[in-house]
Each structure stands twice: as C-alpha cells, then as structure tokens.
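One structure is given here, and the rest of the page talks about it.
The values are calculated or read from the model by the stated rules, or taken from the named source; none is laboratory data. The structure presented is a predicted model; accordingly, all values stated were derived computationally and were not measured. Ideal geometry is used to build each Cβ from the backbone, glycine not excepted, and the neighbour counts take in all protein chains shown. Note: areas computed on protein heavy atoms with side chains; ligands, DNA, RNA excluded. Shrake-Rupley method; radii C 1.70, N 1.55, O 1.52, S 1.80 Å.
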Amino acid sequence: MADPRAELIAAAQAMRPAGLNRGTAGNLSVRDGDGFLITPTGMAYDALLPDDIPRLALDGTSAGKRKPSSEWRFHRDLYASRPEVGAVLHAHSPFAVSLACLRVDIPPFHYMIARFGGDTVRCADYAIFGSAELSTAALAAMAGRKACLLANHGLLVAGRDLAEAFALAVELEELCEQYWRACQLGSPTLLSAAEMAEVIGKFRGYGQQ
C-alpha cells in the first residue's frame with residue numbers, strides 16, 4: 001500500500017514545476033481516515049520527509065513533530081463539511097493571485113469554468129491568513145463548487161483525491177491566465193446562463209469511464 005505521506009510530498013513537490021508555487025507558499029492536504037495529513041508550516045517542499053508531515057484530527061488537534069500549515073482551518077472545515085472531498089490544495093500562483101487582488105469573480109468567459117461546479121469561480125471575501133474568518137469566507141465561496149479565489153491571497157481547490165485537486169489547481173491557474181490575457185484585448189464575450197447550464201449538465205458525466 002502506498003504511503004499517503006509520501007504521496008502528499010510528491011504532489012507538493014510537483015507544485016513548483018507546474019507553476020503553482022514558489023518557496024514555502026501554499027499548502028496541500030489529503031484526507032486520512034477520520035482526520036487529514038497536511039504539509040507543515042514554513043518548510044521547503046524539496047526538504048520534506050514523511051516524518052515531517054503532521055496529522056490533524058477534525059477537532060484541530062495535531063500529531064507529529066512539525067507544526068501544520070497555518071491555513072489548516074479551511075482544510076479541516078472542508079473535510080468536516082464535505083464528505084466527498086479527499087484532498088485540498090491552496091496556492092499563490094501568479095495569475096490567480098493577480099485576479100484575487102482585484103477581488104472579482106471569474107465570469108463565464110470560457111466553458112471550462114463549469115469544471116469547477118458553477119457558472120463563475122467566486123472570489124471569497126478578504127480575511128487574514130490562517131484565521132477562522134478566512135475559513136468561513138472560503139467555505140461560503142466554495143459552496144457547491146470545487147474552487148474559489150481568496151481575496152488578495154491566491155486560489156483554493158478541493159478534489160476527490162490528490163490527483164484531482166492538483167489537476168483542478170493547474171486548470172484554474174490556466175483559466176486565470178487566459179482571462180487575464182483576454183482582458184488585455186478588451187472585454188471578453190461571456191457565455192449566457194443558458195449556455196453555461198448546458199455545459200454544467202454535460203460536465204456531470206465528464207471524465208467518467
């Protein structure tokens with residue numbers, strides 16, 4: 001059986017080559033039984049060993065020699081409130097941060113917005129990092145969705161497992177870049193509510209074999 005800590009480290013180390021993170025910014029977690037494993041605070045991903053990965057219970061208590069990411073609250077709250085979530089990824093990727101600093105939702109400029117569960121990707125209200133207020137804002141923006149922006153901060157995605165969470169983060173950053181580029185040329189033409197509803201319907205069976 002694969003070591004979930006080793007899998008978490010491998011996914012965390014893949015974030016920089018994928019353009020999602022630099023340095024120790026961002027964090028990643030995976031559900032583990034009745035709790036979850038999460039990257040530690042302030043440690044470079046390239047230096048992580050399995051013993052460096054703390055485990056948190058859903059009451060917020062931590063076990064392990066390292067302190068968990070300062071953002072553990074929105075990870076915990078997503079796992080506690082959404083049983084379908086198996087992994088959570090937060091990143092300070094450049095285009096997502098740029099749009100998050102404008103505090104605007106990403107509108108339906110491209111049909112792939114529906115990949116995240118709705119006709120927009122919402123931007124959560126601002127709150128200081130690591131706070132319960134930020135978690136509350138993030139969960140509100142994530143309601144019925146797999147992703148959101150965090151105002152003046154970055155992106156947040158929730159997937160059924162590490163592979164999906166990673167893929168969603170890469171795709172969201174790409175959409176942020178595409179929207180940013182389109183806005184340099186003018187105002188993108190948006191898909192209508194009816195057009196997006198049709199796409200959302202098609203996505204219900206998307207990727208299922």
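Some points to look at:
Condition check ((1) more than 17 Å from the chain's Cα centre (by Cα); (2) crowded, with 22+ Cβ neighbours inside 10 Å; (3) at negative phi) across all residues:
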residue: Ala14; (1), (2), (3): no, no, yes
residue: Gly19; (1), (2), (3): no, no, no
residue: Asn27; (1), (2), (3): no, yes, yes
residue: Gly33; (1), (2), (3): yes, no, no
residue: Met43; (1), (2), (3): yes, no, yes
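- Failed item, numbered, when Asn21 is tested on (1) in a loop (DSSP other than H, G, I, E, B); (2) more than 12 Å from Phe166 (Cβ to Cβ); (3) of a type outside the set (Val, Ile, Thr); (4) in contact with a strand residue (DSSP E or B) (Cβ under 7 Å, 6 or more places away or on another chain): (2)
- Positions within the stretch 170-184 being of a type in the set (A, V, I, L, M, F, W, C) and open to solvent by 30 Å² or more (accessible area, probe 1.4 Å), in sequence order: Val170, Trp180, Ala182, Cys183
- Of the residues making up the stretch 175-201, those that are without any contact (Cβ under 8 Å) to a residue 40 or more places away in the chain and either of a type in the set (Lys, Arg) or not in a loop (DSSP other than H, G, I, E, B) (or both) number 7.
- Tallying residues that are surrounded by fewer than 22 Cβ atoms within 10 Å (Cβ to Cβ) and not in a helix (DSSP H, G or I) within the stretch 154-169 yields 3.
- Residue within the stretch 13-27 that is out of contact with any Ser or Thr (no Cβ under 6 Å at 6 or more places or on another chain), free of Cβ contacts under 8 Å to residues at least 12 places away in the same chain and among the small types (Gly, Ala, Ser) present: no
- Condition met for Tyr126 (within 27 Å of Trp180 (Cα to Cα), open to solvent by 10 Å² or more (accessible area, probe 1.4 Å) and in contact (Cβ under 8 Å) with a residue 60 or more places away in the chain): no
- Just one residue in the set Ser69, Ser81 is polar (S, T, N, Q), more than 30 Å from Ala182 (Cβ to Cβ) and surrounded by 19 or more Cβ atoms within 10 Å (Cβ to Cβ); that residue is Ser69.
- Residue match in the stretch 155-176 (condition: over 10 Å from the mean Cα position of the chain (by Cα) and among the β-branched types (Val, Ile, Thr)): no
- Tally of residues being touching a helix residue (DSSP H, G or I) at 6+ places or on another chain (Cβ under 7 Å) and open to solvent by less than 10 Å² (accessible area, probe 1.4 Å) across the stretch 88-98: 5
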